[in-house]
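Undergrad: First the structure, which I've put down as structure tokens, then a few questions once you've had a look.
The values are calculated or read from the model by the stated rules, or taken from the named source; none is laboratory data. Owing to the predicted nature of the structure, the values given are computational and were not obtained by experimental measurement. Every residue, glycine as well, gets a Cβ built from its backbone with ideal geometry; the counts of neighbours run over all protein chains shown.
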Amino acid sequence: MALDRSNPVPNDLSAFWMPFSSNRQFKKQPRMFVGADKMHYTTADGRQVLDGTAGLWCCNAGHNQPRIVEAIQKQAAEMDYAPAFQMGHPKAFELANRLRDMAPKPFEHVFYTNSGSESVETALKIAIAYQRAIGQGSRTRLIGRERGYHGVNFGGISVGGIVNNRKVFGSLLTGVDHLPHTHLPDQNRFVKGQPEHGAHLAEELERIVALHGAETIAACIVEPMAGSTGVLMPPKGYLEKLREICTKHGIILIFDEVITGFGRLGSSFAAEHYNVMPDLITTAKGLTNGVIPMGAVLATKEIHDAFMTGPEHLIELFHGYTYSGNPVASAAGLATLETYKEDGLFERAAELAPYWADGVHSLRDCPHVIDIRSEGLIGAIELEPIASEPTKRAFQAFLDCYDKGVLIRTTGDIIAMSPPLIISKSEIDQLFGTLRDVLQNLQ
Ligand code: PMP
């Protein structure tokens, strides 16, 4: 599609307070995208940049997919918005059916949100309300994990385990405990797929249960694979053990699949990939290919049905958003799921995974590299931090890659990559070739 140049970059960048960005650095040296197609962004100065991160882990089908573009245009012209409460429209129901059909078996119901953060808040609230609905009202405590990322709202940062996301925001939720993270660099280094060591860390849940009593604990939330804190795969046996302990003590297990949902690991969801079923799954990002904000919580029949009691005219769950199941977002979701299916993108990700893993692990001999991790179409390269200036080295790698036409992402001193699932082998070669070049010249 031709680029519309009628919207040039403004001279004044001061008003927009950019999220999760170093505003002062950016505004001195702006990096602007003005177009996107399939695997590439076009910069304001007309360069092509290979998308090594699927936007922010969300554009799993690549950019400017005709099915999705057309579906959005058609829906916006047909019906732009419909009230989300006490009214419906067909596409929200159709999308929920499709999600149910592609999700692992126990997930039969879908609650819409507008983002990953909202999906997390929604899942935590559903878990607590469910416990109350089944006569377990004393169960209100929540358990998260160190290095967990569950979005930026108060529930999410409370159960999350990223210090910088928590420390300047005052009082968080009370009644929250954290499991230890699963990063064991002395035992698991340069691993393809799941590491061997660390399953025992799930047993910490037993310690927390013993401390507070199972009758006080509502839910435990983890990312099956921790994405934003450096791509940490679950150690072999870890998720199984968490599931076992949660079941034993009546604790709702929530998988935050905002990154791992929709093909990233080569399956529809990580629950399927790892063959461990939680009770609730949070999603967003790939649900609409990142094109329109939308998220969803997938719930089992057991959880959903616990709310469907009492007089029929009453509202069962006092929760929802103005834009829950928005028609244009639903149309985008339907076209996105259709694209994944018709183009066989999850299967493609699974097929490409070994080639991807070989590519990322080929960088092991580069300067500063202290660990590499990979699974499905996701990978991370951990760099030795500069002692006096942590995060600077990886950020420089990000800037250098951008200059050389490749988009990566960094978190601390870890480089993370998660390309659209349509990436070709030659583009994988280009991505890792550029990265090798950058790492070899990095101070
Ligand atoms: N949970 C996880 C696991 C995530 O990776 C993210 C975003 N990276 C979120 C929640 C929050 O999603 P959003 O930015 O859409 O609110």
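Undergrad: Checking the conditions here, which among F111, F154 is among the aromatic types (F, W, Y), closer than 20 Å to T282 by Cα, touching a His at 6+ places or on another chain (Cβ under 9 Å) and at pLDDT 95 or above? Even if it seems obvious, please write down each step before you answer.
TA: On the way: F154 fails: touching a His at 6+ places or on another chain (Cβ under 9 Å).
After applying the criteria, what remains is F111.
Undergrad: Looking for something over 21 Å from G412 (Cα atoms) and either surrounded by 17 or more Cβ atoms within 10 Å (Cβ to Cβ) or among the acidic types (D, E) (or both) - is there at least one such residue anywhere in segment 13-25?
TA: no
Undergrad: For segment 413-426, what are the residues that are in contact with a Leu (Cβ under 9 Å, 6 or more places away or on another chain) and surrounded by 19 or more Cβ atoms within 10 Å (Cβ to Cβ)?
TA: D413, I414, I415, M417, S418, P419, P420, L421, I422, I423
Undergrad: Of all the residues that make up segment 151-186, how many are within 22 Å of D371 (Cβ to Cβ) and either touching a strand residue (DSSP E or B) at 6+ places or on another chain (Cβ under 9 Å) or within 16 Å of the ligand (Cβ to nearest atom) (or both)?
TA: Here the count works out to 9.
Undergrad: Under 7 Å by Cβ, and 6 or more places apart or on different chains, what pairs join a residue from segment 327-340 that is over 14 Å from P90 (Cβ atoms) with one that is part of a helix (DSSP H, G or I) and among the small types (G, A, S)?
TA: Once the first residue is over 14 Å from P90 (Cβ atoms) and sits in segment 327-340, its partners that are part of a helix (DSSP H, G or I) and among the small types (G, A, S) give A332/A71; A335/A71.
Undergrad: What number of residues within segment 48-70 are touching a Phe, Trp or Tyr at 6+ places or on another chain (Cβ under 9 Å) and over 14 Å from V258 (Cβ atoms)?
TA: Within segment 48-70, residues that are touching a Phe, Trp or Tyr at 6+ places or on another chain (Cβ under 9 Å) and over 14 Å from V258 (Cβ atoms) number 6.
Undergrad: Restricting to segment 327-350, and then to whatever is in contact with a Phe, Trp or Tyr (Cβ under 9 Å, 6 or more places away or on another chain) and of a type in the set (V, I, T), can you tell me which residue is surrounded by the fewest Cβ atoms within 10 Å (Cβ to Cβ)?
TA: Checking each candidate, the answer is V328.
Undergrad: Also, I was wondering about something else. Taking the criterion of being touching a His at 6+ places or on another chain (Cβ under 6 Å), within 15 Å of the ligand (Cβ to nearest atom), assigned to a loop (DSSP other than H, G, I, E, B) and not basic (K, R), would at least one residue in segment 142-150 satisfy it?
TA: Looking for residues that are touching a His at 6+ places or on another chain (Cβ under 6 Å), within 15 Å of the ligand (Cβ to nearest atom), assigned to a loop (DSSP other than H, G, I, E, B) and not basic (K, R), one finds at least one in segment 142-150, hence yes.
Undergrad: Out of V168, V120, V163, report the one residue that is out of contact with any Cys (no Cβ under 9 Å at 6 or more places or on another chain), buried (at least 22 other Cβ atoms within 10 Å of the Cβ) and within 30 Å of S21 (Cα to Cα).
TA: V120
Undergrad: Exactly one condition in (1) part of a strand (DSSP E or B); (2) among the small types (G, A, S); (3) more than 15 Å from D256 (Cβ to Cβ) is false for G135; which is it?
TA: Here G135 clears every test but (1).
Undergrad: Based on what the data block shows, is D365 without any contact (Cβ under 8 Å) to a residue 12 or more places away in the chain and more than 16 Å from the ligand (Cβ to nearest atom)? It would help to see each step written out before you state the result.
TA: Numbers: without any contact (Cβ under 8 Å) to a residue 12 or more places away in the chain: yes; more than 16 Å from the ligand (Cβ to nearest atom): yes.
Spelling it out, D365 is indeed without any contact (Cβ under 8 Å) to a residue 12 or more places away in the chain and more than 16 Å from the ligand (Cβ to nearest atom).
Undergrad: Let me ask something additional. Would you confirm, using the coordinates I've provided, whether A123 is in contact with a strand residue (DSSP E or B) (Cβ under 7 Å, 6 or more places away or on another chain), small (G, A, S) and either more than 27 Å from Y340 (Cα to Cα) or within 16 Å of the ligand (Cβ to nearest atom) (or both)?
TA: Details: in contact with a strand residue (DSSP E or B) (Cβ under 7 Å, 6 or more places away or on another chain): yes; small (G, A, S): yes; either more than 27 Å from Y340 (Cα to Cα) or within 16 Å of the ligand (Cβ to nearest atom) (or both): yes.
In short, yes.
Undergrad: Determine whether D177 is of a type in the set (D, E, K, R) and within 22 Å of I245 (Cβ to Cβ).
TA: yes
Undergrad: Restricting to segment 87-113, count the residues that are farther than 20 Å from I315 by Cβ and not in a helix (DSSP H, G or I).
TA: Selection size over segment 87-113: 6.
Undergrad: Whether any residue in segment 312-326 is part of a helix (DSSP H, G or I) and either crowded, with 24+ Cβ neighbours inside 10 Å or in the same structural domain as L142 (by TED's automatic domain parsing) (or both) is what I want to check.
TA: To start, the set of residues in segment 312-326 that are part of a helix (DSSP H, G or I) comprises none.
Scanning segment 312-326 turns up no residue that is part of a helix (DSSP H, G or I) and either crowded, with 24+ Cβ neighbours inside 10 Å or in the same structural domain as L142 (by TED's automatic domain parsing) (or both).
Undergrad: Are there strands (runs of 3 or more DSSP E) fully within segment 200-301 with at least 1 residues that are hydroxyl-bearing (S, T, Y)? List them.
TA: Those strands (runs of 3 or more DSSP E) span 280-283, 295-300.
Undergrad: For segment 254-261, indicate whether the set of residues that are aliphatic (A, V, I, L, M), out of contact with any Gly (no Cβ under 6 Å at 6 or more places or on another chain), closer than 28 Å to T216 by Cβ and crowded, with 24+ Cβ neighbours inside 10 Å is non-empty.
TA: yes
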